Amino acid sequence: MKIFTYSRSYVALIGIAVMAMAFQLLTPHSNSKQLNTTIMSNSEPTIVTITYVKKPWYAWRSLVVKKFKESIPEYEAIPGLLQKNYHFTESDGKFGGIYLWASEAEARAWFNPKWFERVVKTYGEAGVVDYYQVIQSTTVAKYELTGDYWSVLQLGKSLSIPTATQGLLRITQIKNKDQYGTITLWKSKEEAKRYFSQQKDVGQIAYFDTPVLIDKLK
């Protein structure tokens, strides 16, 4: 009986190939028919969506970030998409995006049943898309489109963050049913955690590693 062994490099090559196929299934060109029929709305943001997709075990961070960057031109072409923070969740093995949309209709046109079907087929687990109403979105400092950024979702309390807060780059006031909150972009993880750790009552907090941005409002 022959016993076959595989080197780490061979396993890595398999992982790269599978990851490439997975990202091809999730990139915008798979919705090409829908893109051609969607009407472009105004550039005032009204909706935020946050997606959560299971990250495969073989998808190390540098490979996923590379795929994020390669997908930028296609995502920029999606009607109604104004901003996207590509993200990794801090602790539960998910990746996805924080999307700012011109309208809810355009958001739902993209996150249609076929999108959910592709996620299940590709990753073996259903994806999640959460919707939030935008009250106001403000850029408070300049930033590049790649960096060691972190995003923070804060829910359960209406929070007023001073625009002069160290490390704060962007703040979006949001509402989800009867809950108010914020989605913020920070220059670094340390600055984000420093601010929220100093607050006595901020509600629920979720942190996201955010290495790549799309911003058509800049």
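The values are calculated or read from the model by the stated rules, or taken from the named source; none is laboratory data. This one's a predicted model, so the numbers in the text were calculated from it and none came from an experiment. In this analysis, Cβ positions are derived from the backbone assuming ideal geometry, glycine residues included, and neighbour counts consider all displayed protein chains.
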For A126, the lone unmet condition from (1) of a type in the set (A, V, I, L, M); (2) surrounded by 14 or more Cβ atoms within 10 Å (Cβ to Cβ); (3) not in a strand (DSSP E or B) is (2)
Taking the stated definitions as given, is K94 buried (at least 16 other Cβ atoms within 10 Å of the Cβ), farther than 22 Å from Q173 by Cβ, touching a residue at least 40 places away in the same chain (Cβ under 8 Å) and charged (D, E, K, R)? yes
Which pairs do you get when a residue that is farther than 17 Å from S197 by Cα, found in the stretch 142-160, comes within reach of a residue that is part of a strand (DSSP E or B) and among the β-branched types (V, I, T), reach meaning Cβ atoms under 9 angstrom, with the pair 6+ apart or on two chains? L145/V212; L145/I214; T146/V212; G147/T210; G147/V212; D148/T210; Y149/T210; Y149/V212
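Conditions (1) under 18 Å from K218 (Cα atoms); (2) at pLDDT below 95; (3) assigned to a loop (DSSP other than H, G, I, E, B), marked per residue:
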residue	(1), (2), (3)
A12	no, yes, no
H29	no, yes, no
K33	no, yes, no
V48	yes, no, no
I72	yes, no, no
P79	yes, no, yes
Q83	yes, no, no
Y86	yes, no, no
G96	no, no, no
Step by step: first the residues of the stretch 48-65, then only those that are aromatic (F, W, Y) and over 14 Å from D209 (Cα atoms), then the one that is surrounded by the fewest Cβ atoms within 10 Å (Cβ to Cβ). Which residue is that? W57
Among the residues of the stretch 147-167, what is the count of those that are over 23 Å from S91 (Cβ atoms) and not β-branched (V, I, T)? 5
For E117, all conditions in the list (1) more than 19 Å from I47 (Cβ to Cβ); (2) outside any helix (DSSP H, G or I); (3) not small (G, A, S) hold save one; what is the number of the exception? (2)
